[in-house]
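The values are calculated or read from the model by the stated rules, or taken from the named source; none is laboratory data. Keep in mind it's a predicted model, so treat the numbers as computed, not measured. Counting neighbours? That spans all protein chains shown, and the Cβs are built from the backbone with ideal geometry, glycine included. Areas reflect the complete protein model, heavy atoms only, side chains present, ligands, DNA and RNA absent. Shrake-Rupley method; radii C 1.70, N 1.55, O 1.52, S 1.80 Å.
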Amino acid sequence: MNSDSGPADERRWEEALRQAFAAPAGPELGAVDRVSLRLGRPSRVALRPPEQESPARLELAPRNVDWDVADGGRYRVLGQVARGGIGTILLARDTDLGREVAVKVLHPEHAEHPELLHRFVEEAQIGAQLQHPGIVPVYELGLDQRHRPYFTMPYVRGESLAALLARGGRTPERTHRLLQAFVQVCGTVAFAHSRGVVHRDLKPGNVMVGPFGEVLVMDWGLAKVLGRADTAAARGADPAPPPLATVRTGTEAFTVTGAILGTPAYMPPEQARGDVDAVDARSDVFALGAILCEILTGAPPYPGSDALRRATDADLSEARARLAGCGAEPDLVELATACLAAEPQARPPAAGPVQERVAAWLAAAQARAETARTAAASAAARARAEHRSRNLALALGAALTVLVLGAGTALWWRRDRVQRIAGQVQAALRETFDRLTQAEPALALAAVQRAETLVRTGDVAAGLAGEVANARARVGAALRAEEIEVRVAELRLAPDAAGREALAEYPRLLARLELPDPAAAGFAEAVTEWSAAHRSGLARGLEDWALRLRREPDGARRGAELLRAADALDPEALRLEIRAAIRAPGLDALRAVAGGIPVAETDPESLHLLASALHLGGAREEATKLLQDACTQHPTSFWLNHRLA
């Protein structure tokens with residue numbers, strides 16, 4: 001309220017605000033002070049302050065900040081951090097709990113405006129009810145001594161995504177890190193959509209990246225709580241907590257048609273036109289596409305001073321051209337273009353599908369990087385083997401010169417040389433088989449190539465040369481097995497919606513590797529020489545193939561054949577039981593297995609197979625609960641986290 005208001009106005013505002021916030025005046029002493037008096041000694045703990053960050057850059061010193069807390073001086077103001085259109089952010093210390101907090105205070109001149117007052121309170125209520133690691137929680141909503149509303153939050157250290165993007169230099173490594181942060185943003189927004197909330201101001205400036213990798217979506221002051229029908233559409237058929245309730249739930253009385261809210265450079269057309277009723281989860285999807293566009297191209301869809309006009313007209317031609325020519329992966333460009341569709345119906349329905357597609361691309365990129373590293377190691381091993389071969393050839397040439405000096409010496413030298421080469425060949429064979437046992441086919445290839453080089457000297461017995469040929473065949477089989485393991489991992493990463501593509505690729509992959517049909521009698525014999533790890537990897541692919549067939553007409557018979565082939569490759573007792581339950585009709589057998597296993601003592605791959613079978617069989621809630629428990633017990637398992645996402 002204004003500083004020149006009289007006592008009657010103060011009493012009227014005090015009564016109105018007390019009813020609005022249900023916030024009685026605080027006691028004279030804080031809670032810790034009262035406990036200390038009761039104990040007869042101080043009761044305080046102070047942790048070491050953060051060392052990785054310099055102190056906050058404060059705009060005003062404490063003595064120049066116009067704010068008086070009502071709760072008995074519990075908060076000690078350290079200074080002003082920022083000032084916005086309707087509120088000020090202060091940095092304060094909670095003297096009871098010894099922590100730094102951010103305090104948002106409504107400007108005094110806005111206390112007479114019901115719209116701004118309600119929006120301020122609604123921001124606090126949304127922040128308090130959206131309990132998610134990617135959202136800054138609201139600690140407390142209260143009134144200061146002048147009856148102005150305020151709420152407290154953690155003080156977040158770090159830098160904004162906008163600051164990270166402003167540094168420039170779009171290297172593949174940097175883009176990968178930015179996309180990892182973007183996936184976390186999408187996950188946070190997907191959670192908000194599941195609770196019936198749209199942010200309406202998503203942009204890099206409202207994303208904070210902390211010093212330990214935490215990613216937070218900030219500033220929910222423009223958030224909108226959807227009606228129940230919109231909420232159900234945003235989260236699909238998934239069961240979820242009820243929609244949030246705030247002081248203006250069910251009405252948009254304070255956001256009228258024609259009002260322009262948000263940041264034009266990232267704004268969807270319906271929001272730029274002030275069409276409040278058309279704003280829903282797909283509007284946030286547009287803003288996510290705008291952030292992705294800036295990550296890939298270096299600029300948002302509407303850079304420049306005429307951003308609002310271009311957003312109103314849905315003038316996206318320049319943004320689409322930048323995306324098409326940015327050189328990024330086609331899947332990411334396609335996703336960004338789909339999110340930036342002018343018509344809401346053409347965009348993904350909510351943030352969840354956007355998160356899934358980017359996460360799948362990152363996982364596939366990681367698998368490709370692992371394959372490239374393996375190939376590089378194999379090439380380096382071959383180069384070292386060739387270098388040793390050249391040195392050996394030089395040594396042999398010098399030794400041949402010595403042979404002409406005496407027949408007797410030459411005969412002795414030849415016998416010694418044959419024995420030495422035979423010993424070297426046998427050592428190379430032992431290393432080859434050791435590397436195969438350790439599932440290191442690239443290093444096994446280098447060892448067997450060394451043996452082949454020695455065989456080509458002509459001083460190796462035929463029997464030993466035959467052993468080298470057999471070893472080379474086993475190495476070839478192991479390399480093919482590694483190839484199928486990498487390709488199977490890529491196919492397993494394909495989303496369920498792309499199942500037909502994976503179903504078509506599995507037979508082609510087996511044919512390329514000269515493997516018979518899994519239902520054929522000779523399939524198990526064809527992979528006899530594979531390591532246990534490679535046979536297990538192929539079994540994972542057959543399981544994935546069989547589960548995808550469950551959605552196909554008459555796929556049960558073929559799926560059962562694949563699962564029996566997996567039994568022969570990987571006869572571990574629990575997985576035999578799970579595969580038998582998958583082959584059984586209905587879900588009773590699967591539920592019985594799920595109910596009888598100790599999650600903490602079960603390997604992640606078995607838990608992944610069981611949860612995937614439950615999910616694809618229609619028991620989605622049970623699969624989700626199993627995956628949540630499994631990820632708690634095995635937090636580093638990539639496949640469990642991927643299936644849960």
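Points to keep in mind about this one:
- Charge sum, other residues only, whose C-beta stays under 9 Å from Glu123's C-beta, Lys/Arg counted +1 and Asp/Glu -1: 0
- Centre separation in Å (Cα based) which lies between the stretch 508-550 and the stretch 328-352: 36 Å
- Label positions at Gln424 and Asp277, each projected 7 Å from the Cα along the C-beta direction, are separated by 8.6 nm.
- Packing-based ranking of 583-592, 185-194 yields 185-194, 583-592, ordered from highest to lowest mean Cβ neighbour count within 10 Å.
- Accessible surface of the stretch 542-586, 1.4 Å probe, proportion on carbon and sulfur as whole %: 56 percent
- Karplus-derived 3J(HN,Hα), 6.51/-1.76/1.60, for each residue of the stretch 424-437, Hz, glycine and proline x: 5, 4, 5, 5, 5, 5, 4, 5, 4, 5, 4, 5, 5, 4
- In terms of the mean number of neighbouring beta-carbon atoms within 10 Å, the peptides 603-616, 277-290 order highest first as 277-290, 603-616.
- Under 12 Å from the Leu97 label point (7 Å along Cα→beta-carbon), backbone N, the stretch 113-141: 137-141
- Backbone amide hydrogens, once placed in the peptide plane, bring Met218 within less than 5 Å of Val207, Met208, excluding anything fewer than 5 places away on its chain.
- Average accessible surface area per residue within the stretch 533-624, 1.4 Å rolling probe, Å²: 42 Å²
- Proximity of backbone amide H atoms, modeled 1.01 Å from N, is registered between Glu140 and Thr152 at under 5 Å, excluding neighbours fewer than 5 places apart on the same chain.
- At full extension, Thr437 and Ile597 could sit 54.5 nm farther apart than now, given 0.36 nm per residue minus the alpha carbon distance.
- Cα centroid separation, the stretch 294-324 to the stretch 75-148 (Å): 34 Å
- Centroid-to-centroid, using Cα positions, the stretch 575-645 and the stretch 189-213 are 31 Å apart.
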